[in-house]
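The structure appears below as structure tokens.
Read the figures in this text as sums done on the coordinates, not as results from a lab. Quick caveat: nothing in here was measured; it's all calculated off a predicted structure. As a convention, Cβ positions derive from the backbone with ideal geometry for all residues, glycine included, and neighbour counts pool all protein chains shown.
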There are 2 protein chains.
Amino acid sequence: MIRSLLIGAMGLASVACAHAQKEDVPPTPFVIPAENIATSQALKETALKSDLALDIITDLTTKVGPRLAGTPQEEKARTWGVEKFKELGFENVRVEPFELDLWTRGRSVYEEVTLTAPYPQPLYAISLGGGAATPEEGTEASVAYFKSYDAFKANTETDVTGKIVFVGDRMTAARTGEGYGWANRKRRDAWIMAEDRGAVALFIRSVGTSSNRFAHTGMMSFPEGRRPNIPALSVSNPDADQIERISATGEDMKIRLKTFAGWRGKSMSGNVIGEIVGRENPEEIVIIGGHLDSWDTGTGALDDGAGVGITMAAAKLIADLPEKPRRTIRVVLFGAEEVGLVGARAYAKERMEDETLDNHVIGSESDFGAGEVWRFGSNVGADALSAMDAIGRELAPLGIIRGNNKSGGGPDMMPLQAAGVPMGRLDQNGEDYFEFHHTPNDTVDKIEKSELQQNVAAWAMFTYLAAELDVDYRAGREEE
Amino acid sequence: MIRSLLIGAMGLASVACAHAQKEDVPPTPFVIPAENIATSQALKETALKSDLALDIITDLTTKVGPRLAGTPQEEKARTWGVEKFKELGFENVRVEPFELDLWTRGRSVYEEVTLTAPYPQPLYAISLGGGAATPEEGTEASVAYFKSYDAFKANTETDVTGKIVFVGDRMTAARTGEGYGWANRKRRDAWIMAEDRGAVALFIRSVGTSSNRFAHTGMMSFPEGRRPNIPALSVSNPDADQIERISATGEDMKIRLKTFAGWRGKSMSGNVIGEIVGRENPEEIVIIGGHLDSWDTGTGALDDGAGVGITMAAAKLIADLPEKPRRTIRVVLFGAEEVGLVGARAYAKERMEDETLDNHVIGSESDFGAGEVWRFGSNVGADALSAMDAIGRELAPLGIIRGNNKSGGGPDMMPLQAAGVPMGRLDQNGEDYFEFHHTPNDTVDKIEKSELQQNVAAWAMFTYLAAELDVDYRAGREEE
């Protein structure tokens, strides 16, 4: 159901041109009304001087800190979120609760892992989300070394019964972060192969580009609800180097580990929502946000305090305008993203059930740290492309190039996007994101204020224009 | 006792000129014989392509790893050192043992420290060398916050009885590393003030420039043999930021800590020595080296595996020359440097007792990581300056400027230097040294091979020329 029609002179021109295009006549580009350009410029100037996003992130990470999904810390974060939204003057502030399966690390964020043979020394490693505990006294076993995920998968002859399987693969740093998916394969399902082949534990080289001795944690995947019976740990890159060097000597290598990780039954999480109600079409929603939960070792400043701070601050700057935008801006601080987009799925499911999904005219999440925005992508109907290009031209002076129209809107947007909600995307420079991601080093001091301000500027401009311009972002889609 | 006299044409010219200088006639500069220049050039070329230093450091950190003074790990390092010297063909390989007071961290390198109020979250902190243990169940107390060492010293009114004293001060990074001493004051003796004023523990902001959550450890000072009865811990910089932010709110802040650190009575350490015996004046010694012990959290790659690797490799390249240098090159891998130059003092004491101290014609230690050498300093007699300047001119193409004649020769050279042994100094770029120093991140992957090779080149050239040239490095000193 499309509530927004292309009305008004520019909108009609746009439609005409989209049709004209089919006859190879160049379309007239969408033109943003001058007063809207002026407003978006003013938002930019304010944002580039605003401390608000950094204040929000500092407050969240100082007063709540780590906030693993389903724990009392995440609950505290929801209370914080509600209070912060109210303090900033958002409307319709509420929590939408949902249930989830709780996994926790157990006693401490410091897990004891020691190389015991042939060259004893402490290792720095951390349980992966979803992994099982060792017995109370720990586990000690020889290491079966596989240099890569592919090598482990291919080599089914090596007997790993009773052994600790170690799987390599180094992540490549990139502005786009695209090295992550490949390096992450071993985190997702290597535990299944290891367990099926009789291993007592899985160790993987830390997914992440850091030469730091903090290992990268993260959730594993659980096909058909199956859960690991073995511990699964990530080993810091320098320690993985050590394991690789020793493996090359051919000597028997032993590791002792102790972890208290495990699944703890059902628990509650929730999405925290605040709105700026639209002045003309309040039922139409531009949805933006980040996720509120974080991993338990750091304080979740970059992942995703940054997304929370950027989108809350951008919306607040828009709320401070003399006139609210035409549509409603809904800021959602999703719960339980890290453990499998649980909050995002709950959010989308509810909108499918109450049939308000199509009210979501466009969406976007900020969940890639606090590096500067360098590219503006989209995923809209063909007839809305010219309008997105026009928004892109406004963003360009911030150093942002126009990306393609095949972008995802961010992890928590996936269920909405799959259900047909159009997306915008403000791609951040992720060159150093995986230096800190999912480690204790994800703390607020890693944020460069000027880069954060550039993010807020881009988000304020995009969100305002998306909410204000008379564009149907679904227009021209095949299915329409 | 000066065994080396200024003999030969250039030497005599030098002496003549030194005398002439007093009458304001410019001295004829010392000229290095052409064949020695050719040899030092050849050493440079070989060194810049050599993997030996990196191989040595990798071997030491892989097979031994952390090697805290007085522990079995340091003993294993001595065995490693003896074997490595022999494998490389050094002569007179031996260990000179000495006794020391042993301090260890206790159960684990992972120490549990938690901020319990007002905003509970784990902190990353580590006991300072020499600190005491908490009771088995840990200690919890309110924090008395002092922004700096000076503030703690000056503010004697604040009652810290039963509290945890926190002392700030941020270290400034510098190529020379000179921010270390100032920032280190709180590590040295703040425990005495804290203990005397009734505190239950001392916490300091990590000395070190890293934004990493690994805190910088290191030995405290113990005037008159007094030892702490309270735990003393270093808190990572991001966690110290957290403590500072909370302190600014004025709320009561509580920390719980658990450490098993303590003094363990007497133990043994030792200096490991290998030589290249001089062809003409074997009794004259050019002493170079690094220290073998390291802190227990990292693997001591930079501190001081690098010094061990650089000086062993440089000496080995000299040993491989068709002809040994005139004097003996003695490479000393000192024990127990980190805990108070115990090995260096033992070495110097023995040479004072057996009256061989004056045989040490010049010395230098490499103990500042693996950053490239950028400055060549010295501490020699006035009449030897021209020769040092000439060596400096040979080093210049490596990007090394000539420093002054007031340099120290490195920590383990201090007792020798105090007893009158002349010194050379190859200053390394320490801009990022304190990113890794005394933390788990001191691992071999932090070493840039090309920079290490430049070090070996500079050390091979300096050591060869120092051992070969017909110069009395004490000549022209006031006391002579």
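Structural remarks
- Label 7 Å beyond Cα on the Cβ vector: residue B:196 copy-to-copy distances, nm: 6.9
- Cross-link pairs exceeding 19 Å in C-alpha to C-alpha distance, out of A:163/A:254; A:258/B:446; B:86/B:324; B:86/B:349; A:147/A:186, comprise A:258/B:446; B:86/B:349.
- The protein assembly as shown - share of DSSP beta bridges that are antiparallel (%, nearest 5): 55
- The simple spin-label model puts a point 7 Å past each Cα toward its Cβ; for residue A:323 and residue B:389 those points are separated by 7.9 nm.
- Per-residue ellipticity at 222 nm from helix content only, as computed over chain A with -39500 (n - 2.57) for each DSSP H run of at least four residues, stands at -10000 deg cm²/dmol.
- Our analysis of the protein assembly as shown gives Rg over Rh at 1.05, with the two radii drawn from alpha carbon positions and Rh computed by the Kirkwood formula.
- Expressed as a fraction of 2.2 N^0.38 Å, the C-alpha radius of gyration for segment B:200-279 is 1.65.
- At full extension, residue A:192 and residue A:87 could sit 33.1 nm farther apart than now, given 0.36 nm per residue minus the alpha carbon distance.
- Percent of beta bridges antiparallel (DSSP, chain A, rounded to nearest 5): 55
- For the rotation carrying A onto B, the chain A residue whose Cβ lies nearest the axis, with the distance in whole Å, reads A:110, 2.
- At q = 0.12, 0.14, 0.15, 0.24 Å⁻¹, base-10 log of I(q)/I(0) for segment A:247-335 (Debye sum, equal scatterers on each alpha carbon): -0.56, -0.66, -0.71, -1.15
- Helix A:385-395 vs. chain A, principal-axis angle (Cα, 0 to 90°, nearest 10): 80
- Anisotropy class of segment B:283-425 from Cα gyration tensor, a/c 1.5 cut: rounded
- Cβ neighbours within 10 Å from other chains - mean over A:238-247: 4
- Loop-located GluC sites (Glu not before Pro) across segment A:313-370 with a Cβ neighbour count of 11 or fewer within 10 Å are A:323, A:355, with loop assigned by DSSP.
- Exposure proxy for B:293, A:169, A:296, A:445: other Cβ atoms within 10 Å of each Cβ, ordered fewest to most, give A:445, A:169, A:296, B:293.
- Dipole magnitude for the protein assembly as shown: computed about the Cα centre from +1 point charges on Lys and Arg Cβ and -1 point charges on Asp and Glu Cβ, it is near 720 debye.
- Taking Lys and Arg as +1 and Asp and Glu as -1, the other residues whose beta-carbon sits under 14 Å from that of residue A:325 total -4.
- Residue exposure sequence - A:230, A:276, B:37 - by fewest surrounding Cβ within 10 Å: B:37, A:230, A:276
- Value of relative contact order over chain B, rounded to a whole percent, pairs C-alpha under 8 Å and six or more apart: 23
- Approximate spin-label separation residue B:170-residue B:419, in nm, with each point projected 7 Å along Cα-to-Cβ: 4.4
- Using the Cβ-Cβ distance between residue B:76 and residue B:280 with R0 = 22 Å, the FRET efficiency computed as 1/(1 + (r/R0)^6) comes to roughly 0.05.
- The alpha carbon gyration tensor of segment B:48-118 gives principal lengths a ≥ b ≥ c with a/c of 1.5 or higher and a/b no greater than b/c, which makes the shape oblate.
- Ascending list, in nanometres, of distances separating the residue A:450 label from those of the other copies (7 Å, Cα toward Cβ): 2.8
- Of all DSSP bridge pairs formed entirely within segment A:229-345, close to 40 percent run antiparallel.
- Qualifying trypsin sites (Lys or Arg not before Pro) for segment A:94-137 [loop in DSSP, other Cβ within 10 Å: at most 13]: A:107
- Degrees separating the helix A:342-353 axis from the principal Cα axis of chain A, which is the longest one: 40
- Relative contact order (percent, whole number), segment A:201-334, Cα cutoff 8 Å, 6+ residue spacing: 26
- Sequence-distant lysines (8 or more away, or on other chains) whose Cα lies within less than 18 Å of residue A:406: none
- Ascending list, in nanometres, of distances separating the residue A:138 label from those of the other copies (7 Å, Cα toward Cβ): 2.0
- Cα shape, segment A:100-191, gyration tensor, a/c 1.5 rule: oblate
- In degrees, nearest ten, helix A:306-319 long axis to first principal axis of chain A (Cα): 20
- For segment B:200-358, the percent of C-alpha pairs falling in each 5 Å distance bin, counted from 0 to the bin holding the largest distance, reads 2, 7, 11, 15, 14, 13, 10, 8, 7, 5, 4, 2, 1, 1, 0.
- The loop-placed trypsin sites (Lys or Arg not before Pro) in segment A:186-228, going by DSSP, that have at most 12 neighbouring Cβ atoms within 10 Å of their Cβ come out as A:226.
- Residues B:447, B:310, ranked from the fewest to the most other C-beta atoms within 10 Å, line up as B:447, B:310.
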